[in-house]
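Input: a single structure, listed below in structure tokens.
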2 protein chains.
Amino acid sequence: MIESSGQRGAVVLMTRVRFARNIVKHPFPGWAKESQRREILAECLPAVAKLPQMKKGFSLETDTLSDLEKQILHERHLISRELMAVKGGSGIVISRDQSFVVMINEEDHLRIQVLRGGFNFRRVWNTINAIDSSLEEDLDYAYMPKLGYLTACPTNVGTAMRASAMMHLPALVVANQMERVVRAVNQLGIAVRGLFGEGSDASGSIFQISNQTTLGESEEEIIKRLTSVLNTIIEQEINAREKILETEPNRIFDKIGRAYGILQNGHLISSGESMNLLSLVRLGVDFQVFPEEIRPAVDRLIIDCQPGHIQYRAGKSIDSEERDSFRSTLLRSEFEKVAKPSFSIGDAQ
Amino acid sequence: MIESSGQRGAVVLMTRVRFARNIVKHPFPGWAKESQRREILAECLPAVAKLPQMKKGFSLETDTLSDLEKQILHERHLISRELMAVKGGSGIVISRDQSFVVMINEEDHLRIQVLRGGFNFRRVWNTINAIDSSLEEDLDYAYMPKLGYLTACPTNVGTAMRASAMMHLPALVVANQMERVVRAVNQLGIAVRGLFGEGSDASGSIFQISNQTTLGESEEEIIKRLTSVLNTIIEQEINAREKILETEPNRIFDKIGRAYGILQNGHLISSGESMNLLSLVRLGVDFQVFPEEIRPAVDRLIIDCQPGHIQYRAGKSIDSEERDSFRSTLLRSEFEKVAKPSFSIGDAQ
């Protein structure tokens with residue numbers, strides 16, 4: 001049975017809020033010497049690591065990580081490209097369940113981030129707020145009543161908060177409506193980016209939607225406005241799905257069917273293509289042509305098919321073509337067990 | 001097990017020889033009035049129809065066929081586009097097994113054609129020769145000892161014979177070597193065309209290779225020369241297959257696997273795409289990654305997926321998108337029973 005409207009929740013893959021914080025009497029990381037960054041790290045790392053939310057988590061200096069390990073953390077949306085590039089005196093603390101992470105000496109002294117699957121701003125915001133308050137007991141935040149939190153980049157001053165949702169919008173992409181959506185959303189002070197933030201492409205029809213401004217509004221107001229925009233986008237995605245199912249079901253069944261066929265039988269699948277194929281299978285799950293039980297595996301593969309994860313799994317550094325081969329072997333074995341999609345409406349036969 | 005050299009025969013899909021013949025005291029069809037064409041038809045049709053090879057065959061005037069029926073005969077390589085266009089006074093006689101066909105009042109009074117699966121010039125030539133001799137007993141052929149058979153177009157004068165082979169050259173296509181092959185072959189007076197002759201494209205990596213000249217050589221010499229060129233092309237195709245299997249097996253396994261996956265799961269497959277997908281599956285049969293038993297079905301589908309055949313099967317005239325849907329339904333049901341390809345060498349895993 002094809003079902004498009006019952007899956008509103010599935011459109012939002014992940015909700016994320018991050019706070020930028022700096023502590024007084026230290027230069028911003030970009031202006032600090034390595035010795036100064038080490039002082040900041042020595043002050044912040046223990047304060048973060050001892051938080052109850054970080055129990056049994058990981059706490060380390062970025063320098064101790066290999067390039068591959070950094071890439072894997074980046075592919076899991078835990079650390080930024082910027083942190084990967086910092087030489088000396090930066091650190092990272094990650095909770096055991098990887099839902100809470102603090103980067104130290106990235107662009108700001110502290111970048112606190114909470115992320116959670118699904119559409120869940122209230123819960124994410126409550127968690128990060130509690131963490132922020134606990135940290136404030138130990139660390140002296142740079143804060144001015146008139147401006148709010150001070151940050152290295154003026155675009156973050158104020159709430160220093162970026163709230164974002166990762167959205168899966170395949171029908172809007174297929175219907176060529178994303179450009180219109182992006183334009184409308186931008187006018188409301190909301191940014192739309194690809195999967196890995198600014199400048200990245202929207203492989204897999206996955207987009208990050210986030211607030212652009214941090215001044216002149218409270219955190220609650222920002223989240224309320226963003227939530228309302230997200231709800232509108234969900235509505236439009238659902239409408240686009242219904243319209244495709246109604247007017248040209250074969251076009252979307254063809255895309256979903258081919259994606260499944262290629263995942264089951266390909267021998268060279270790139271990272272970008274795997275995202276697009278998995279994205280279409282995920283849409284198939286939303287349409288109930290694949291069983292709901294495969295959704296977690298599909299969402300996991302969207303992460304596991306990234307280049308760093310593939311190399312980690314291969315146990316060695318391998319070139320792009322070897323990765324494509326290794327990735328397709330993984331995908332074939334995962335999809336071998338998945339039954340054929342069953343499209344029951346609109347099919348010509 | 002992957003096997004590339006044991007399948008030389010499979011490279012040639014079909015062998016064909018056609019003779020152009022005209023009878024004395026009648027203008028060529030292009031210069032004849034309809035009443036004159038009717039006279040020619042009245043003389044030729046019974047002579048052809050009574051041949052023992054035509055027992056239980058079909059004999060009719062082209063006008064009595066619907067456009068769809070003409071298209072189907074064309075898709076089976078039995079009649080030409082030219083014959084489809086003639087208004088009044090043309091005819092066609094087809095043997096029961098469709099291996100022997102005579103067009104009356106196409107470009108010449110008679111176009112006699114024998115076609116047979118595989119690489120079989122000797123047998124095809126013996127058959128057409130016997131038929132031609134029988135016909136000559138009844139019909140007075142326009143023939144001059146110095147020039148040979150006279151034909152409407154000077155390029156056919158002499159033997160008035162065109163011998164051709166339909167070749168499946170997927171590895172030469174994948175390896176981008178077809179252009180080089182065509183150039184070399186042209187210099188030997190041999191033409192390379194797409195599936196449906198002059199100006200048609202080479203969907204499915206299928207090419208027609210035929211003699212370009214009809215003067216200055218006997219039929220036997222032409223066939224000998226053509227056979228030698230075909231053997232060289234087969235050699236090059238086999239070499240290209242071996243090279244791909246040796247140097248980049250995953251590239252070709254990827255193409256074959258995807259083709260199978262799309263045939264099993266697509267919902268909108270065009271005629272051209274179906275040819276390319278089936279061509280790759282056929283290569284898979286040559287490589288023994290699919291069982292030999294499916295070869296006849298694949299070869300049949302290469303014909304059955306043409307637009308005319310699809311409409312005939314649908315029982316009505318349907319537009320291009322409906323055909324693509326109908327075709328993919330046919331392909332899904334045919335490939336449902338075909339087991340996954342088993343690639344056992346060169347695979348990364």
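The values are calculated or read from the model by the stated rules, or taken from the named source; none is laboratory data. Owing to the predicted nature of the structure, the values given are computational and were not obtained by experimental measurement. Here the Cβ is made from the backbone with ideal geometry for all residues, glycine too, and neighbour counts use every protein chain on show. Heads up: the accessible areas ignore ligands, DNA and RNA and are worked out on the full protein's heavy atoms, side chains in. Shrake-Rupley method; radii C 1.70, N 1.55, O 1.52, S 1.80 Å.
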Could you check region A:308-328 and list, in sequence order, the residues that are away from every other protein chain (no Cβ under 14 Å) and open to solvent by 30 Å² or more (accessible area, probe 1.4 Å)? A:TYR312, A:SER317
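Give region A:244-266 a look and list any residue that's facing chain B (nearest Cβ under 7 Å) and open to solvent by 10 Å² or more (accessible area, probe 1.4 Å), or say none. Even if it seems obvious, please write down each step before you answer.
Taking region A:244-266 as the starting set, the residues that turn out to be facing chain B (nearest Cβ under 7 Å) are A:250-251, A:253-254, A:257-258, A:260-262, A:264-266.
Listed by number, the residues that qualify are A:ASN250, A:ARG251, A:ASP254, A:ARG258, A:ILE262, A:GLN264.
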So which residues in region B:68-98 are among the hydrophobic types (A, V, I, L, M, F, W, C) and open to solvent by 20 Å² or more (accessible area, probe 1.4 Å)? B:LEU68, B:LEU73, B:MET84, B:ALA85, B:VAL86
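Looking at this structure, is A:ARG241 touching a residue at least 40 places away in the same chain (Cβ under 8 Å), open to solvent by 20 Å² or more (accessible area, probe 1.4 Å) and basic (Lys, Arg)?
Details: touching a residue at least 40 places away in the same chain (Cβ under 8 Å): yes; open to solvent by 20 Å² or more (accessible area, probe 1.4 Å): no; basic (Lys, Arg): yes.
It is false that A:ARG241 is touching a residue at least 40 places away in the same chain (Cβ under 8 Å), open to solvent by 20 Å² or more (accessible area, probe 1.4 Å) and basic (Lys, Arg).
Within region B:1-111, considering only strands (runs of 3 or more DSSP E) that don't extend past its boundaries, which have at least 2 residues that are within 30 Å of B:GLU293 (Cβ to Cβ), within 19 Å of the chain's Cα centre (by Cα) and not aliphatic (A, V, I, L, M)?
Numbers: elements: B:12-21, B:58-61, B:91-94, B:100-104.
Result: B:12-21.
Yes/no per residue for (1) closer than 25 Å to A:LEU169 by Cα; (2) outside the structural domain of A:TYR260 (by TED's automatic domain parsing):
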{"site": "A:SER271", "(1), (2)": "yes, no"}
{"site": "A:LEU278", "(1), (2)": "yes, no"}
{"site": "A:HIS309", "(1), (2)": "yes, no"}
{"site": "A:TYR312", "(1), (2)": "no, no"}
{"site": "A:LYS340", "(1), (2)": "yes, yes"}
Only unsatisfied item for B:GLN53, checking (1) among the polar types (S, T, N, Q); (2) closer than 18 Å to B:VAL114 by Cβ; (3) open to solvent by less than 30 Å² (accessible area, probe 1.4 Å), is (3)
Scanning region A:329-342 for residues that are open to solvent by 30 Å² or more (accessible area, probe 1.4 Å) and either facing chain B (nearest Cβ under 10 Å) or modelled with pLDDT under 95 (or both) gives A:ARG332, A:SER333, A:GLU336, A:LYS337, A:ALA339, A:LYS340, A:SER342
Quick test of your reading of the structure: A:PRO27 fulfils all but one of (1) under 21 Å from A:PRO154 (Cα atoms); (2) in contact (Cβ under 8 Å) with a residue 60 or more places away in the chain. Name the failing condition by number. (2)
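Would you check if there is a residue in region B:136-145 being surrounded by 20 or more Cβ atoms within 10 Å (Cβ to Cβ), on the phi < 0 side of the Ramachandran plot and either in the same structural domain as B:ALA10 (by TED's automatic domain parsing) or not in a loop (DSSP other than H, G, I, E, B) (or both)?
Let us first name the residues in region B:136-145 that are surrounded by 20 or more Cβ atoms within 10 Å (Cβ to Cβ), namely none.
Looking through region B:136-145, none of the residues is surrounded by 20 or more Cβ atoms within 10 Å (Cβ to Cβ), on the phi < 0 side of the Ramachandran plot and either in the same structural domain as B:ALA10 (by TED's automatic domain parsing) or not in a loop (DSSP other than H, G, I, E, B) (or both).
Does B:LEU301 meet the test of being within 18 Å of A:GLY261 (Cβ to Cβ), in contact (Cβ under 8 Å) with a residue 60 or more places away in the chain, more than 12 Å from chain A (Cβ to nearest Cβ) and in contact with an Asp or Glu (Cβ under 9 Å, 6 or more places away or on another chain)? So that I can check it myself, show each step before the final result.
Numbers: within 18 Å of A:GLY261 (Cβ to Cβ): yes; in contact (Cβ under 8 Å) with a residue 60 or more places away in the chain: no; more than 12 Å from chain A (Cβ to nearest Cβ): yes; in contact with an Asp or Glu (Cβ under 9 Å, 6 or more places away or on another chain): yes.
It is false that B:LEU301 is within 18 Å of A:GLY261 (Cβ to Cβ), in contact (Cβ under 8 Å) with a residue 60 or more places away in the chain, more than 12 Å from chain A (Cβ to nearest Cβ) and in contact with an Asp or Glu (Cβ under 9 Å, 6 or more places away or on another chain).
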Restricting attention to region B:268-288, which residues are within 12 Å of another protein chain (Cβ to nearest Cβ) and open to solvent by 10 Å² or more (accessible area, probe 1.4 Å)? B:LEU268, B:SER270, B:GLU273, B:LEU277, B:LEU280
Among the residues of region B:116-131, which ones are open to solvent by less than 20 Å² (accessible area, probe 1.4 Å) and closer than 23 Å to B:LEU41 by Cα? B:ILE128, B:ILE131
